[in-house]
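Everything below concerns the one structure shown next.
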Amino acid sequence: METTTKKRRIGIIGGTFNPIHLGHLMIAEVAYEEFELEQVIFVPTHISPHKFHDVISAYHRYAMTAAAVEDNPHFTISDVEIKRDGYSYTIDTIRYFQEQMGPDVEFYFIAGTDTIELLPSWHYIDELLQLCHFIGAMRPDAKEMVDSVLEFFGEKAIGRIHLLQVPEMKLSATYLRERLRAGKTVRYMLPKCVVDYITNNNIYTDVDSTSVLHTEHTN
């Protein structure tokens, strides 16, 4: 009797991570557990085709992401998109990991609600839906939007776009950058190692760097 080998499941979470925050990490952790992933690979973009305003250098974004995932044994990071010239397209990244890991791996691209909304405009999206699964982290107010995306793809979405219920965390990188520039606390919003990196490198703010440091370490 022929036995079927269960494929390994690898999660990929891409983004500008400008900066990486606890919302990104929480979504990746819940997806890891719910979909029985072997690991989750964080892939900071070089130049995103969707986000190009107010984006700091890839060097800093990679360094912050690496620091944020270092203490989690099933999280890792890849610089594949940063090393690639031009825009970062997910289709190229998935093809790269397929080539590296072989045919016995299923890839699950982890995305937030805003990313799922943009899927119809993605580069080579029909091929992507064949090459990998999508895990969409759901906001409570996003059901109507997600339903419209699923309707757009029709049968192509069946078994390929999965919805993930996560604890509500209304964090955005834009909101955090605004707080950092205003010298306001980001405690419990960013990992401490990321705050330390931002402070030490004077990123996102022109105010005295000690103001951000102070708000992070006040008991």
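Only the coordinates and a few stated rules stand behind these numbers; no lab work does. Please read these numbers as outputs of a predicted model, since none were measured by experiment. All Cβ positions, even for glycine, are placed from backbone atoms using ideal geometry, and neighbour counts span all protein chains on display.
In table form, for the structure just shown:
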| item | result |
| --- | --- |
| Positive dipole terminus of the chain, leading residue within Ile41, Leu131, Tyr197 (C-beta point charges) | Tyr197 |
| Selected from Glu38, Glu168, Glu29 as most flexible by GNM, with the chain as the system and alpha-carbon contacts under 10 Å | Glu168 |
| Under the span-like rule (Cα at least 15 Å along the axis, Kyte-Doolittle mean at least 0.0), DSSP H helices of the chain | 22-34, 58-69, 143-153 |
| Taking Ile82, Ile12 and counting other C-beta atoms within 10 Å, the order from fewest to most | Ile82, Ile12 |
| Extended-chain gain in nm, criterion 0.36 nm per residue less alpha-carbon gap, Val105 and His74 | 9.6 nm |
| Whichever aspartates and glutamates have a C-alpha closer than 14 Å to that of Lys170, once near sequence neighbours (fewer than 8 apart) are set aside | Asp114, Asp141 |
| Among 105-115, 187-197, the order from most to least packed when residues are scored by Cβ within 10 Å on average | 105-115, 187-197 |
| Potential lengthening between Tyr124 and Glu36 on full extension [0.36 nm per residue; Cα-Cα distance subtracted] | 29.0 nm |
| Inter-probe distance in nm under a simple model that places probes 7 Å from Cα toward Cβ, at Thr174 and Ile56 | 1.9 nm |
| Residue among Gly136, Gly183, Gly159 with the largest mean-square fluctuation in a Gaussian network model of the chain, springs linking Cα atoms under 10 Å | Gly159 |
| Cα-centred dipole magnitude for the chain, charges only on beta-carbon of K, R (+1) and D, E (-1), debye, nearest 20 | 440 debye |
